[in-house]
Amino acid sequence: MLSEASPDKILAKDRLTKKDLAHLLSLNDKQGMQQLFDKAYAIKKKYVGTTVYFRGLIELSNICEKNCYYCGIRKENRKVERYMMSEEEILQAANEAWQWGYGSVVLQAGEISNSRYTSFIENLIHKIKELSNGELGITLSLGEQVENTYKRWYAAGAHRYLLRIETSDRKLYALLHPESHNYDSRVECLQILGDIGYYVGTGVMIGLPGQTVERLADDIMFFKRIDADMIGMGPYIPHHDTPLACCLGNFDDIKQDQFELALRMIAATRIFLRDVNIASTTALQALDDSGRELGLKAGANIIMPNITDTIYRRGYQLYDNKPCLDENASMCRACLEGRILSIGETIGYNKPGDSPHYDRKRTRVRK
Ligand code: SAM
Ligand code: SF4
């Protein structure tokens, strides 16, 4: 049986094949999983170190023009009360992040594409740079946009972009989205972002209905193929008001399996890609109270503390039981600091924390 074989031989290899990755992803005994996590941690230590970088997450709007079947803020979920933070509120949150020594902020929202919004974001980027003397890094996670929009936001000072491919399997992608959402367009956006010079983040949801370990192994190979600098991925968690919610049966019955699969995916990705940044996401914490620390122990090195004002948190529920809905930014920070120090890692305050992978790429381009 695949899952019962010892992982020793695979973990001793220099280069892993798709079959090896699938094998590691299917390990389900405690000892085998620990071996996997230990190896991933050793590789993380060697290539990116044990400093955790914070990205202050600002969920600036839950308005979305799209209808992904898994997402709680999809356009057709009429139960959601929509919001858009004001410029002042966003700048206040960014300023707080800067004062606290966070190296950067992530501006995330549902997907909106129009010229007024493009200018609003462009202006915000200028102002965030201004208030932080150009020091605060800016990551955007604002979905698919046309090339010119990406270029304008890059020119304004945003240098990272996070756009998950969600799954690299085009057939599965088609099952998770309405026909109007196009797999090739998403891949093209990732290519454009890289060509413009962005530090490119991508990722997938782990444990989707219909996903297999072979497909997840393909996802890891996809990350390599598109030369990603950062991986942001987490477990898929159903939202009760979405079309996909019923597909996994009673989620409580599989919660632990889903969590462990997500940790194995982080570890296998670290082993395969080595020098990229990998986020330990909030969705991990939704499944296990120590989820984000365990993500760090499995090979992740980035955490995105939520710094959105608590009045908006309930409006940005992508999945059920999202944690920290009532904790304000300073409570989140104190709680996270304690958790990170408790596992013997440090926090990279006042540092940009780009991945060594990205730094090397930029050096090559300059030569
Ligand atoms: N709208 C932008 C986009 O889709 O790229 C950015 C915001 S979107 C809410 C950020 C991510 O949330 C998506 O890429 C997706 O992977 C994740 N997400 C949505 N619904 C989820 C769910 N039910 N479980 C776990 N992650 C989910
Ligand atoms: Fe909109 Fe992003 Fe949710 Fe899809 S995942 S419905 S694009 S917010």
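The values are calculated or read from the model by the stated rules, or taken from the named source; none is laboratory data. Please read all numbers here as calculations on a predicted model, not as lab measurements. We place every Cβ from the backbone using ideal geometry, glycine too, and count neighbours over all the protein chains shown. These accessible areas exclude ligands, DNA and RNA; they are computed on the full protein's heavy atoms, side chains included. Shrake-Rupley method; radii C 1.70, N 1.55, O 1.52, S 1.80 Å.
Descriptive notes on the structure:
- The condition of being under 27 Å from Glu166 (Cα atoms), more than 13 Å from ligand 2 (Cβ to nearest atom), among the small types (Gly, Ala, Ser) and surrounded by 18 or more Cβ atoms within 10 Å (Cβ to Cβ) holds for only one of Ser61, Ser26, that being Ser26.
- Filter result (under 25 Å from Gly137 (Cβ atoms) and either among the β-branched types (Val, Ile, Thr) or more than 16 Å from ligand 1 (Cβ to nearest atom) (or both)) within the range 306-324: Ile307, Thr308, Asp309, Thr310
- Counting the residues of the range 282-299 that are assigned to a loop (DSSP other than H, G, I, E, B) and either touching a His at 6+ places or on another chain (Cβ under 9 Å) or more than 21 Å from Arg215 (Cα to Cα) (or both) gives 3.
- Filtered residue count, the range 83-120, keeping only those that are more than 22 Å from Ile311 (Cα to Cα), in a helix (DSSP H, G or I) and away from ligand 1 (no atom under 16 Å from the Cβ): 3
- Residue within the range 302-320 that is assigned to a loop (DSSP other than H, G, I, E, B), of a type in the set (Asp, Glu), within 20 Å of the chain's Cα centre (by Cα) and within 18 Å of Gly49 (Cα to Cα) present: no
- Asn123 part of a loop (DSSP other than H, G, I, E, B), farther than 25 Å from Pro235 by Cα and more than 15 Å from ligand 2 (Cβ to nearest atom): no
- Among the candidates Tyr70, Tyr102, Tyr83, residue that is within 12 Å of ligand 2 (Cβ to nearest atom) and either under 23 Å from Asn277 (Cβ atoms) or surrounded by fewer than 23 Cβ atoms within 10 Å (Cβ to Cβ) (or both): Tyr70
- When the residues of the range 324-346 are filtered to those that are open to solvent by less than 30 Å² (accessible area, probe 1.4 Å) and touching a residue at least 24 places away in the same chain (Cβ under 8 Å), the one that is nearest to Arg74 (Cα to Cα) is Cys324.
- Single condition Lys45 does not satisfy, out of (1) away from ligand 2 (no atom under 16 Å from the Cβ); (2) open to solvent by less than 70 Å² (accessible area, probe 1.4 Å): (2)
- Just one of the listed residues (Met265, Met221) is touching a strand residue (DSSP E or B) at 6+ places or on another chain (Cβ under 6 Å), hydrophobic (A, V, I, L, M, F, W, C) and at pLDDT 95 or above, namely Met265.
- Looking at Tyr161, Tyr154, Tyr150, just one residue is assigned to a strand (DSSP E or B) and in contact with a helix residue (DSSP H, G or I) (Cβ under 9 Å, 6 or more places away or on another chain), and that residue is Tyr161.
- Of the candidates Arg313, Arg292, Arg264, Arg225, the single residue that is out of contact with any helix residue (DSSP H, G or I) (no Cβ under 7 Å at 6 or more places or on another chain), crowded, with 17+ Cβ neighbours inside 10 Å and not small (Gly, Ala, Ser) is Arg313.
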